[in-house]
Every structure is written in structure tokens, then in C-alpha cells.
Amino acid sequence: MVEHQIELYGRPPQKVCFDGGFSSKKNLEDIKNLDVEDVAFNKSPSIGILDMVKSSLAYRKLRRFRAGIESNISFLKRSSGWSRCTWQSLASFKAYTLTSVVAANLLILARHALQ
């Protein structure tokens, strides 16, 4: 993912957060060698926090950012039926995802309008 970001933007991201399934010392070393300042693995018992990031505050911020993304995904699944896409092409997948996001946003707007 980091290499793809470098291809797209010409530079590595400053901070990244990954799922615990990617947690390993080799992955940490490989990502740090790509000039990423802070790397956080969710649930990484074998790697110390200060080995990944420069401060525990940065680690908490990255974990909270990831938790926010996970909560948005959960909301999409619950509110607009966002689940496994059985449509066949990339264009169909994009349409499926877009309609799910639009439906969720309309739901949020309607809830705010009722208040």
C-alpha cells in the first residue's frame, strides 16, 4: 500500500496504520525503509509502541483514526446494506459502493433534519 502511495503521489505518507494481521518486525522495517515516519499496527503484541512511532500520542491518534474508518465501514454495512458485492466488474463495484455511500449520507442528512 505504501509503495502504491509513492507511485501515485511521488512521496510516502508521513503516517500509516495497519490491521494487526500485517504486524511483523519485517513489515515494520520495510515500511520504515520507505521513509514513513510513524507506523502503527493495531494489536501488535510483539512490537513496542516506540519502535513504531515517535510518541505514544502519535500511536493513539493513528489508532483512533483507524477506529473511525472501521466505524464508518460498520455504519455502511448496517444502514445501507453494504456487504459482499456480487457484481462482476470494477465499474459495477464502484457503482455499488457509490450508491451505498449516497444512501448512508442521505440517511444521516434525514436524521439531522428531523432533530
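The values are calculated or read from the model by the stated rules, or taken from the named source; none is laboratory data. Given the structure is predicted, the values throughout are model-derived calculations rather than measurements. Virtual Cβ from ideal backbone geometry, glycine too; neighbours counted across all protein chains shown.
One table, with the values for the structure above:
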| quantity | calculated |
| --- | --- |
| All positions within the stretch 38-57 that are more than 14 Å from the chain's Cα centre (by Cα), crowded, with 17+ Cβ neighbours inside 10 Å and modelled with pLDDT of 90 or more | 38, 52, 53 |
| Any hit, the stretch 29-46, residues being under 15 Å from residue 63 (Cα atoms), in a helix (DSSP H, G or I) and in the same structural domain as residue 65 (by TED's automatic domain parsing) | no |
| Test for residue 70: is it in a helix (DSSP H, G or I), acidic (Asp, Glu), within 28 Å of residue 83 (Cβ to Cβ) and within 16 Å of the chain's Cα centre (by Cα) | yes |
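Listed here are the residues, each with its yes/no results for (1) within 23 Å of residue 1 (Cβ to Cβ); (2) surrounded by 13 or more Cβ atoms within 10 Å (Cβ to Cβ); (3) touching a strand residue (DSSP E or B) at 6+ places or on another chain (Cβ under 9 Å).
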residue: 14; (1), (2), (3): yes, no, yes
residue: 18; (1), (2), (3): yes, yes, yes
residue: 26; (1), (2), (3): yes, no, no
residue: 35; (1), (2), (3): yes, no, no
residue: 81; (1), (2), (3): no, no, no
